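> Would you mind keeping the following structure in view while I ask a few things?
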Amino acid sequence: MIAVLFGPPGSGKGTQAARVSARIGIPHIATGDILRDEVARGTALGLEAGPIMRRGMLVSDDLVVRVIEARLLQPDAARGALLDGFPRTVAQAEALDAMLARRGRGVDVLVALDVPDRVLKERVLKRAQLEGRPDDTPEALELRLATYRAETEPVLGHYGAPGTRVERIDGVGSIDAVTERITAALARGHEQAQAS
Ligand code: ADP
């Protein structure tokens with residue numbers, strides 16, 4: 001199953017994707033984590049992406065598409081993947097669809113976490129104190145939220161067409177409660193993918 005966990009910065013995608021992927025046995029693939037690892041290792045890719053990420057801007061579609069393409073070719077992704085932080089633009093969604101179509105596949109289900117801006121800001125500023133991520137400053141967060149509305153939300157409309165099941169769920173609640181909602185939404189999407 002190819003699943004996308006979708007939502008604004010601070011919506012809990014990373015936390016939830018790790019839990020859900022362990023439960024359903026498909027790898028969690030997070031472009032943010034892959035890019036942060038490249039930055040930490042000081043690779044050419046990391047040197048290119050680091051300054052952009054710190055400001056809260058998106059790195060180029062071309063760069064993340066290359067990253068995802070390489071990751072999806074690894075053997076553990078043969079059974080499927082739970083994507084987190086990708087696709088983040090309509091161009092990325094189109095590139096993903098094309099790379100999956102070459103293997104006769106597509107995105108089976110997209111689960112979108114709904115969380116109000118006020119809650120997102122509280123969560124991210126709390127994370128800033130705990131983890132010190134360089135893009136969790138109030139300025140970078142404003143930019144990330146604005147970019148999400150302008151560039152990323154339209155991806156929902158892209159997958160509104162037949163073929164991918166779009167499940168919108170309430171992302172406010174305890175971590176366990178949200179994990180249950182996501183797992184149930186993925187199971188509904190999986191059933192539909194099997195049936196079609
Ligand atoms: P969050 O969703 O909480 O903002 P992520 O860990 O998913 O954080 O991403 C952190 C940063 O990595 C983004 O702000 C962006 O600079 C970069 N990034 C991650 N995924 C993508 C993507 N698909 N396209 C462009 N940039 C990305």
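> What is the ratio of the Cα radius of gyration of region 16-117 to 2.2 N^0.38 Å, where N is its residue count, to two decimals?
1.10
> Could you state the per residue volume, in Å³, of the convex hull enclosing the Cα atoms of region 2-195?
Per-residue hull volume (Cα only) is 114 Å³.
> Suppose only helical runs count, i.e. DSSP H with n ≥ 4. What mean residue ellipticity at 222 nm does that imply for the chain under -39500 (n - 2.57) per run, divided by all residues and rounded to the nearest 500 deg cm²/dmol?
Computed ellipticity for the chain at 222 nm equals -17500 deg cm²/dmol.
> Oh, and also: Per 0.36 nm of contour for each residue apart, how much would the distance between Gln192 and Glu151 grow if the chain were fully extended, relative to their Cα-Cα spacing?
11.9 nm
> Which one, Ser174, Ser11, Ser21, has the greatest fluctuation when you compute a Gaussian network model over the chain with C-alpha springs under 10 angstrom?
Result: Ser174 has the largest fluctuation of those listed.
> Taking only protein heavy atoms and a 1.4 Å probe, what accessible area per residue, in Å², does the chain have with all protein chains in place?
48
> Full-extension gain between Asp176 and Glu94, please, as 0.36 nm times their residue separation minus the C-alpha to C-alpha distance.
Stretched out fully, the Asp176 to Glu94 stretch lengthens by 26.3 nm.
> Exposed loop trypsin sites (Lys or Arg not before Pro) only (DSSP loop, at most 13 other Cβ atoms within 10 Å): please give the longest stretch of the chain free of them, not including the sites.
Looking at the chain, 104-196 is the longest stretch - no exposed trypsin sites (Lys or Arg not before Pro) with at most 13 other Cβ atoms within 10 Å.
> Expressed as a whole percentage, what fraction of the accessible surface of the chain belongs to carbon and sulfur atoms when a 1.4 Å probe is rolled over the protein heavy atoms?
Solvent-exposed carbon and sulfur of the chain make up 55 percent of the total.
> What do you get for Rg/Rh over region 85-196 if you use C-alpha atoms and the Kirkwood form of Rh?
Dividing the radius of gyration by the Kirkwood radius yields 1.01.
> How much length would be gained if the chain were fully extended between Ile24 and Asp117, taking 0.36 nm per residue of separation minus their Cα-Cα distance, in nm to one decimal?
Here the answer is 30.5 nm.
The values are calculated or read from the model by the stated rules, or taken from the named source; none is laboratory data. Every value quoted in this text rests on a predicted model; they were computed, and no experiment measured them. Note: ideal-geometry Cβ built from the backbone for every residue, glycine included; neighbour counts use all protein chains shown. Just the protein is used for accessible areas: all its heavy atoms, side chains included, with ligands, DNA and RNA removed. Shrake-Rupley method; radii C 1.70, N 1.55, O 1.52, S 1.80 Å.
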